[in-house]
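The values are calculated or read from the model by the stated rules, or taken from the named source; none is laboratory data. What you are looking at is a predicted structure, and each value in this text was computed from that prediction instead of being measured. Cβ sites come from the backbone with ideal geometry, for glycine too, and all protein chains shown count toward neighbours. We work out accessible area using only protein heavy atoms, side chains counted, and drop any ligands, DNA or RNA first. Shrake-Rupley method; radii C 1.70, N 1.55, O 1.52, S 1.80 Å.
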Amino acid sequence: MKRDSSQPHLAGHGVRELALRFRSTAEDGEARAHMVGILSLPAVPGPRGMLIVTGGPQYRVGSHRQFVLLARALAAQGWPVLRFDLRGMGDSEGSARDYRAAGPDIAGALAQFFDAVPSLREVALWGLCDGATAAACHAPRDARVQALVLLNPWVRSSAGLARATLRHYYLPRLLQGSFWRKLAKGGLRLGASLASLRQVAAATQEQTTPDNDAPAPAMLRALTQFQGKVLLILSGDDLGAREWQALLAGDPAWRAVAARAQWTQAQVAGANHTFASAAWRGAVEQRCAQWLQSW
(Lines give C-alpha, C1' and ligand atoms only; values in the text may rest on other atoms or scores of the structure.)
Protein backbone atom coordinates (compact mmCIF):
# COMPACT_ATOMS: atom_id res chain seq x y z
CA MET A 1 0.00 0.00 0.00
CA LYS A 2 1.31 3.44 -0.92
CA ARG A 3 -0.04 6.61 0.65
CA ASP A 4 0.21 10.01 -0.99
CA SER A 5 0.87 11.69 2.36
CA SER A 6 2.22 10.58 5.71
CA GLN A 7 -0.70 12.09 7.61
CA PRO A 8 -4.34 11.02 7.14
CA HIS A 9 -7.02 13.60 6.45
CA LEU A 10 -9.63 13.93 9.20
CA ALA A 11 -13.16 13.91 7.73
CA GLY A 12 -15.03 14.35 11.04
CA HIS A 13 -16.96 11.99 13.35
CA GLY A 14 -13.79 10.00 13.98
CA VAL A 15 -13.35 9.23 10.26
CA ARG A 16 -9.85 9.25 8.81
CA GLU A 17 -9.20 9.44 5.08
CA LEU A 18 -6.14 7.92 3.44
CA ALA A 19 -5.00 8.52 -0.14
CA LEU A 20 -3.94 5.20 -1.69
CA ARG A 21 -2.06 4.33 -4.87
CA PHE A 22 -2.31 0.80 -6.22
CA ARG A 23 -2.35 -1.21 -9.44
CA SER A 24 -4.96 -2.70 -11.71
CA THR A 25 -4.68 -6.45 -12.32
CA ALA A 26 -5.09 -5.93 -16.08
CA GLU A 27 -3.08 -8.00 -18.54
CA ASP A 28 -3.61 -5.69 -21.54
CA GLY A 29 -1.29 -3.07 -23.02
CA GLU A 30 -1.69 -0.98 -19.89
CA ALA A 31 -1.06 -3.84 -17.52
CA ARG A 32 -0.44 -2.93 -13.93
CA ALA A 33 -1.41 0.73 -14.43
CA HIS A 34 -1.47 2.70 -11.22
CA MET A 35 -4.82 3.83 -9.84
CA VAL A 36 -5.70 6.27 -7.06
CA GLY A 37 -8.32 5.87 -4.35
CA ILE A 38 -9.48 7.43 -1.10
CA LEU A 39 -10.17 5.20 1.90
CA SER A 40 -12.66 6.51 4.49
CA LEU A 41 -11.79 4.69 7.68
CA PRO A 42 -13.88 4.56 10.89
CA ALA A 43 -12.23 4.84 14.27
CA VAL A 44 -12.89 1.11 14.73
CA PRO A 45 -13.32 -0.57 11.32
CA GLY A 46 -15.62 -3.55 11.23
CA PRO A 47 -15.50 -6.71 9.10
CA ARG A 48 -17.81 -5.36 6.37
CA GLY A 49 -16.93 -2.59 3.95
CA MET A 50 -18.09 -0.97 0.75
CA LEU A 51 -16.25 -0.38 -2.51
CA ILE A 52 -17.72 2.38 -4.69
CA VAL A 53 -17.41 1.59 -8.40
CA THR A 54 -17.59 4.66 -10.61
CA GLY A 55 -19.04 4.64 -14.11
CA GLY A 56 -19.28 6.80 -17.19
CA PRO A 57 -17.34 10.10 -17.16
CA GLN A 58 -16.99 9.95 -13.37
CA TYR A 59 -14.12 9.94 -10.95
CA ARG A 60 -13.94 9.18 -7.25
CA VAL A 61 -15.76 12.36 -6.10
CA GLY A 62 -18.98 11.71 -8.03
CA SER A 63 -21.64 14.11 -9.27
CA HIS A 64 -22.49 16.70 -6.60
CA ARG A 65 -19.74 15.10 -4.44
CA GLN A 66 -22.09 12.18 -3.87
CA PHE A 67 -19.38 9.53 -3.48
CA VAL A 68 -17.38 11.65 -1.02
CA LEU A 69 -20.39 12.35 1.16
CA LEU A 70 -21.69 8.77 1.01
CA ALA A 71 -18.30 7.33 1.96
CA ARG A 72 -17.95 9.68 4.93
CA ALA A 73 -21.53 9.10 6.10
CA LEU A 74 -21.13 5.31 6.09
CA ALA A 75 -17.65 5.42 7.64
CA ALA A 76 -19.03 7.56 10.46
CA GLN A 77 -21.35 4.65 11.23
CA GLY A 78 -18.57 2.08 11.27
CA TRP A 79 -18.14 0.83 7.69
CA PRO A 80 -14.86 1.40 5.85
CA VAL A 81 -15.43 2.69 2.32
CA LEU A 82 -13.02 2.87 -0.62
CA ARG A 83 -13.76 5.02 -3.68
CA PHE A 84 -11.29 5.08 -6.55
CA ASP A 85 -10.60 6.24 -10.09
CA LEU A 86 -10.84 3.63 -12.81
CA ARG A 87 -7.97 3.59 -15.29
CA GLY A 88 -8.08 6.63 -17.54
CA MET A 89 -10.19 8.70 -15.13
CA GLY A 90 -9.31 11.23 -12.44
CA ASP A 91 -5.76 10.68 -11.19
CA SER A 92 -5.40 7.08 -12.40
CA GLU A 93 -3.12 6.12 -15.26
CA GLY A 94 -4.12 4.58 -18.57
CA SER A 95 -6.87 5.12 -21.12
CA ALA A 96 -10.58 5.47 -20.40
CA ARG A 97 -12.66 2.32 -20.89
CA ASP A 98 -16.28 1.25 -20.44
CA TYR A 99 -17.95 -1.05 -17.90
CA ARG A 100 -16.94 -4.20 -19.81
CA ALA A 101 -13.25 -3.60 -19.06
CA ALA A 102 -13.62 -2.48 -15.43
CA GLY A 103 -13.12 -5.94 -13.90
CA PRO A 104 -9.31 -5.79 -13.49
CA ASP A 105 -9.57 -2.34 -11.92
CA ILE A 106 -12.21 -3.52 -9.44
CA ALA A 107 -10.04 -6.53 -8.62
CA GLY A 108 -7.04 -4.28 -7.98
CA ALA A 109 -9.09 -2.02 -5.74
CA LEU A 110 -10.43 -4.99 -3.77
CA ALA A 111 -6.92 -6.32 -3.22
CA GLN A 112 -5.84 -2.91 -1.90
CA PHE A 113 -8.95 -2.56 0.25
CA PHE A 114 -8.37 -5.85 2.07
CA ASP A 115 -4.68 -5.10 2.46
CA ALA A 116 -5.35 -1.64 3.93
CA VAL A 117 -8.09 -2.79 6.34
CA PRO A 118 -6.98 -6.01 8.12
CA SER A 119 -10.36 -6.39 9.87
CA LEU A 120 -12.20 -6.61 6.54
CA ARG A 121 -13.87 -9.95 5.75
CA GLU A 122 -16.49 -9.05 3.14
CA VAL A 123 -17.54 -6.15 0.95
CA ALA A 124 -20.52 -4.75 -0.88
CA LEU A 125 -19.93 -3.23 -4.31
CA TRP A 126 -21.83 0.05 -4.85
CA GLY A 127 -22.45 1.44 -8.31
CA LEU A 128 -24.55 4.02 -10.15
CA CYS A 129 -25.61 3.59 -13.80
CA ASP A 130 -22.90 1.65 -15.70
CA GLY A 131 -20.89 1.56 -12.47
CA ALA A 132 -23.72 -0.64 -11.17
CA THR A 133 -23.46 -2.81 -14.28
CA ALA A 134 -19.69 -3.15 -13.86
CA ALA A 135 -20.12 -4.05 -10.19
CA ALA A 136 -22.77 -6.67 -10.94
CA CYS A 137 -20.68 -8.25 -13.69
CA HIS A 138 -17.68 -8.53 -11.38
CA ALA A 139 -19.48 -9.75 -8.25
CA PRO A 140 -19.62 -13.52 -9.04
CA ARG A 141 -15.85 -13.58 -9.61
CA ASP A 142 -14.84 -12.83 -6.02
CA ALA A 143 -16.21 -14.70 -3.00
CA ARG A 144 -15.39 -11.73 -0.77
CA VAL A 145 -18.10 -9.74 -2.55
CA GLN A 146 -21.17 -10.63 -0.54
CA ALA A 147 -23.53 -7.86 -1.62
CA LEU A 148 -24.36 -5.31 -4.30
CA VAL A 149 -25.93 -1.86 -4.18
CA LEU A 150 -27.25 -0.99 -7.65
CA LEU A 151 -28.57 2.49 -8.43
CA ASN A 152 -30.36 3.01 -11.76
CA PRO A 153 -28.43 0.15 -13.43
CA TRP A 154 -27.41 0.62 -17.06
CA VAL A 155 -29.40 -1.83 -19.23
CA ARG A 156 -29.64 0.34 -22.35
CA SER A 157 -30.77 -1.02 -25.71
CA SER A 158 -32.22 0.92 -28.64
CA ALA A 159 -35.60 -0.82 -28.34
CA GLY A 160 -35.67 -0.50 -24.54
CA LEU A 161 -34.84 3.20 -24.70
CA ALA A 162 -37.51 3.76 -27.34
CA ARG A 163 -40.19 2.00 -25.27
CA ALA A 164 -39.29 3.96 -22.15
CA THR A 165 -39.23 7.25 -24.07
CA LEU A 166 -42.60 6.56 -25.67
CA ARG A 167 -44.26 5.60 -22.39
CA HIS A 168 -42.63 8.08 -20.01
CA TYR A 169 -42.07 11.10 -22.25
CA TYR A 170 -44.36 11.24 -25.28
CA LEU A 171 -47.53 9.82 -23.71
CA PRO A 172 -47.39 12.04 -20.58
CA ARG A 173 -46.81 15.06 -22.84
CA LEU A 174 -50.15 14.41 -24.54
CA LEU A 175 -51.88 14.80 -21.17
CA GLN A 176 -50.27 18.16 -20.39
CA GLY A 177 -52.33 21.29 -20.98
CA SER A 178 -49.14 23.25 -21.68
CA PHE A 179 -48.43 20.98 -24.66
CA TRP A 180 -51.78 21.66 -26.28
CA ARG A 181 -51.57 25.40 -25.58
CA LYS A 182 -48.15 25.54 -27.18
CA LEU A 183 -49.43 23.55 -30.15
CA ALA A 184 -52.39 25.90 -30.60
CA LYS A 185 -50.11 28.93 -30.60
CA GLY A 186 -47.81 27.41 -33.19
CA GLY A 187 -44.99 27.05 -30.73
CA LEU A 188 -44.22 23.47 -31.78
CA ARG A 189 -42.55 22.21 -34.93
CA LEU A 190 -45.29 19.69 -35.49
CA GLY A 191 -43.71 17.98 -38.49
CA ALA A 192 -40.40 17.41 -36.71
CA SER A 193 -42.17 16.24 -33.55
CA LEU A 194 -44.26 13.71 -35.48
CA ALA A 195 -41.20 12.45 -37.33
CA SER A 196 -39.40 11.95 -34.02
CA LEU A 197 -42.40 10.13 -32.58
CA ARG A 198 -42.57 7.82 -35.61
CA GLN A 199 -38.88 6.96 -35.21
CA VAL A 200 -39.34 6.15 -31.54
CA ALA A 201 -42.44 4.04 -32.22
CA ALA A 202 -40.62 2.12 -34.98
CA ALA A 203 -37.64 1.46 -32.68
CA THR A 204 -39.91 -0.20 -30.12
CA GLN A 205 -40.72 -2.86 -32.70
CA GLU A 206 -37.13 -3.67 -33.58
CA GLN A 207 -36.20 -7.35 -33.38
CA THR A 208 -32.44 -7.49 -33.29
CA THR A 209 -30.01 -10.38 -32.86
CA PRO A 210 -29.10 -10.74 -29.17
CA ASP A 211 -25.80 -9.04 -28.37
CA ASN A 212 -23.91 -10.91 -25.67
CA ASP A 213 -21.80 -7.80 -25.00
CA ALA A 214 -24.81 -5.54 -24.41
CA PRO A 215 -25.40 -4.44 -20.80
CA ALA A 216 -28.60 -6.39 -20.07
CA PRO A 217 -27.51 -9.91 -21.18
CA ALA A 218 -24.11 -9.60 -19.47
CA MET A 219 -25.69 -8.31 -16.29
CA LEU A 220 -28.37 -11.01 -16.28
CA ARG A 221 -25.74 -13.75 -16.57
CA ALA A 222 -23.78 -12.27 -13.66
CA LEU A 223 -26.78 -11.71 -11.40
CA THR A 224 -28.06 -15.22 -12.07
CA GLN A 225 -24.73 -16.56 -10.77
CA PHE A 226 -24.46 -14.15 -7.85
CA GLN A 227 -26.09 -15.48 -4.69
CA GLY A 228 -25.40 -12.57 -2.38
CA LYS A 229 -27.64 -9.77 -1.19
CA VAL A 230 -28.73 -6.99 -3.55
CA LEU A 231 -30.09 -3.54 -2.77
CA LEU A 232 -31.67 -1.92 -5.83
CA ILE A 233 -32.34 1.83 -5.61
CA LEU A 234 -34.24 3.52 -8.43
CA SER A 235 -34.87 7.20 -9.05
CA GLY A 236 -38.47 8.32 -9.32
CA ASP A 237 -37.75 10.58 -12.30
CA ASP A 238 -35.13 8.88 -14.44
CA LEU A 239 -35.45 7.27 -17.86
CA GLY A 240 -32.77 4.70 -17.03
CA ALA A 241 -34.77 3.53 -14.03
CA ARG A 242 -37.84 3.20 -16.25
CA GLU A 243 -35.81 1.12 -18.72
CA TRP A 244 -34.90 -1.24 -15.86
CA GLN A 245 -38.53 -1.58 -14.83
CA ALA A 246 -39.60 -2.21 -18.43
CA LEU A 247 -36.92 -4.89 -18.77
CA LEU A 248 -38.27 -6.74 -15.74
CA ALA A 249 -41.85 -6.37 -16.93
CA GLY A 250 -41.05 -7.92 -20.29
CA ASP A 251 -38.60 -10.71 -19.39
CA PRO A 252 -39.43 -13.67 -17.08
CA ALA A 253 -35.74 -14.44 -16.54
CA TRP A 254 -35.14 -10.96 -15.17
CA ARG A 255 -38.23 -11.14 -12.99
CA ALA A 256 -37.08 -14.43 -11.51
CA VAL A 257 -33.69 -12.99 -10.53
CA ALA A 258 -35.13 -9.79 -9.04
CA ALA A 259 -37.76 -11.76 -7.10
CA ARG A 260 -35.17 -13.60 -5.00
CA ALA A 261 -35.52 -13.26 -1.25
CA GLN A 262 -32.10 -11.64 -0.91
CA TRP A 263 -33.13 -8.73 -3.15
CA THR A 264 -34.39 -5.46 -1.64
CA GLN A 265 -35.80 -2.65 -3.77
CA ALA A 266 -36.28 1.01 -2.90
CA GLN A 267 -37.27 4.12 -4.83
CA VAL A 268 -36.42 7.75 -4.12
CA ALA A 269 -39.49 9.71 -5.19
CA GLY A 270 -38.83 12.54 -7.64
CA ALA A 271 -35.08 11.92 -7.78
CA ASN A 272 -33.15 12.41 -11.00
CA HIS A 273 -30.48 10.07 -12.33
CA THR A 274 -27.66 11.21 -10.03
CA PHE A 275 -29.77 12.03 -6.94
CA ALA A 276 -28.71 15.66 -7.26
CA SER A 277 -30.44 17.26 -4.26
CA ALA A 278 -29.34 17.00 -0.64
CA ALA A 279 -32.65 15.32 0.24
CA TRP A 280 -32.31 12.68 -2.49
CA ARG A 281 -28.67 12.04 -1.64
CA GLY A 282 -29.58 11.77 2.05
CA ALA A 283 -32.28 9.25 1.24
CA VAL A 284 -29.71 7.08 -0.54
CA GLU A 285 -27.28 7.32 2.39
CA GLN A 286 -30.00 6.40 4.88
CA ARG A 287 -31.25 3.47 2.80
CA CYS A 288 -27.72 2.10 2.37
CA ALA A 289 -26.96 2.37 6.08
CA GLN A 290 -30.22 0.68 7.09
CA TRP A 291 -29.60 -2.13 4.62
CA LEU A 292 -26.02 -2.69 5.81
CA GLN A 293 -27.30 -2.93 9.38
CA SER A 294 -29.97 -5.47 8.43
CA TRP A 295 -27.66 -8.43 7.81
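So that you can scan it fast, the table gives a plain yes or no per residue for (1) assigned to a helix (DSSP H, G or I); (2) over 30 Å from H64 (Cα atoms):
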{"site": "L234", "(1), (2)": "no, no"}
{"site": "E243", "(1), (2)": "yes, no"}
{"site": "A246", "(1), (2)": "yes, no"}
{"site": "A253", "(1), (2)": "yes, yes"}
{"site": "A261", "(1), (2)": "no, yes"}
{"site": "T264", "(1), (2)": "no, no"}
{"site": "Q267", "(1), (2)": "no, no"}
{"site": "H273", "(1), (2)": "no, no"}
What strands (runs of 3 or more DSSP E) completely inside the range 6-49 contain at least 3 residues that are within 30 Å of Q290 (Cα to Cα) and within 22 Å of the chain's Cα centre (by Cα)? 34-41
State the number of residues belonging to the range 53-70 that are in contact (Cβ under 8 Å) with a residue 40 or more places away in the chain and part of a helix (DSSP H, G or I). 5
D115 is checked against (1) closer than 18 Å to V284 by Cα; (2) part of a helix (DSSP H, G or I); (3) among the charged types (D, E, K, R) and fails just one. What number does that condition carry? (1)
Give the residues of the range 97-112 that are open to solvent by 10 Å² or more (accessible area, probe 1.4 Å) and outside any helix (DSSP H, G or I), sorted by residue number. R97, D98
Are any residues in the range 113-129 open to solvent by less than 30 Å² (accessible area, probe 1.4 Å) and under 26 Å from I233 (Cβ atoms), and if so, which ones? F113, V117, L120, V123, A124, L125, W126, G127, L128, C129
Mind checking which pairs have a first residue in the range 121-136 that is without any contact (Cβ under 8 Å) to a residue 60 or more places away in the chain and a second that is part of a loop (DSSP other than H, G, I, E, B), Cβ under 9 Å, 6 or more apart or different chains? none
